[in-house]
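*Asks:* Shown below is the structure under consideration.
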Amino acid sequence: QVHLVESGGGLVQPGGSLRLSCTASGSIGSIYTMAWHRQAPGQQRQLVARITRGGITNYEDSVRGRFTISRDNATNTVYLQMNSLNSEDTAVYYCNIWGTPAWGQGTQVTVSS
């Protein structure tokens, strides 16, 4: 069984920054892609960014250039550095082992003045 724990969400003003973390534990194996998704109220969950074990990244168009996904394979942790935040980034952010039903509990990010 895989367990994912996210942290780092909160309230931030427009233009501000936050860094999310997600640590995986359990039977995760050694080759996997990690991803961050988000879900705003009344909207479907969408992929924000993902990163392979080797560090290849993909980003959703609206966050490219503002968000950076990274990972530490030694600690099974994936990060999402979010800069230049705006109100449209307000959502619950979830980490996920790509292609599996393993999801974290979510962390709320609210961008508001």
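The values are calculated or read from the model by the stated rules, or taken from the named source; none is laboratory data. This is a predicted model, so every value here is computed, not measured. Virtual Cβ from ideal backbone geometry, glycine too; neighbours counted across all protein chains shown.
*Asks:* State which residue is surrounded by the fewest Cβ atoms within 10 Å (Cβ to Cβ) when the search covers only the range 1-48 and only residues that are of a type in the set (Val, Ile, Thr) and touching a strand residue (DSSP E or B) at 6+ places or on another chain (Cβ under 7 Å). It would help to see each step written out before you state the result.
*Replies:* Quick first cut of the range 1-48, residues of a type in the set (Val, Ile, Thr) only: 2, 5, 12, 23, 28, 31, 33, 48.
Okay, now just the ones that are also touching a strand residue (DSSP E or B) at 6+ places or on another chain (Cβ under 7 Å), so 2, 5, 12, 23, 28, 33, 48.
Numbers: VAL2: 17, VAL5: 14, VAL12: 18, THR23: 16, ILE28: 17, THR33: 19, VAL48: 24.
Top of the filtered list is VAL5.
*Asks:* Taking the range 20-36 on its own, how many of its residues are of a type outside the set (A, V, I, L, M), free of Cβ contacts under 8 Å to residues at least 60 places away in the same chain and over 12 Å from ALA102 (Cβ atoms)? Lay out the reasoning, then the answer.
*Replies:* The initial filter retains those residues of the range 20-36 that are of a type outside the set (A, V, I, L, M), namely 21-23, 25-27, 29-30, 32-33, 36.
Those left that are additionally free of Cβ contacts under 8 Å to residues at least 60 places away in the same chain: 21, 23, 25-27, 29-30.
With over 12 Å from ALA102 (Cβ atoms) added as a condition, the list becomes 21, 23, 30.
Residues that pass the stated criteria total 3.
*Asks:* Mind checking whether some residue in the range 74-85 is without any contact (Cβ under 8 Å) to a residue 12 or more places away in the chain and in a loop (DSSP other than H, G, I, E, B)? If you could, list the steps in order and put the result at the bottom.
*Replies:* Applying the first criterion (without any contact (Cβ under 8 Å) to a residue 12 or more places away in the chain) to the range 74-85 yields 74.
Among the residues that remain, those that are also in a loop (DSSP other than H, G, I, E, B) are: 74.
Looking through the range 74-85, at least one residue is without any contact (Cβ under 8 Å) to a residue 12 or more places away in the chain and in a loop (DSSP other than H, G, I, E, B).
*Asks:* Within the set of pairs 6+ apart or on separate chains, which have a first residue in the range 37-59 that is hydroxyl-bearing (Ser, Thr, Tyr), a second that is at pLDDT 95 or above, and C-beta atoms under 6 Å apart?
*Replies:* THR57/ILE51; THR57/ILE69; TYR59/ALA49
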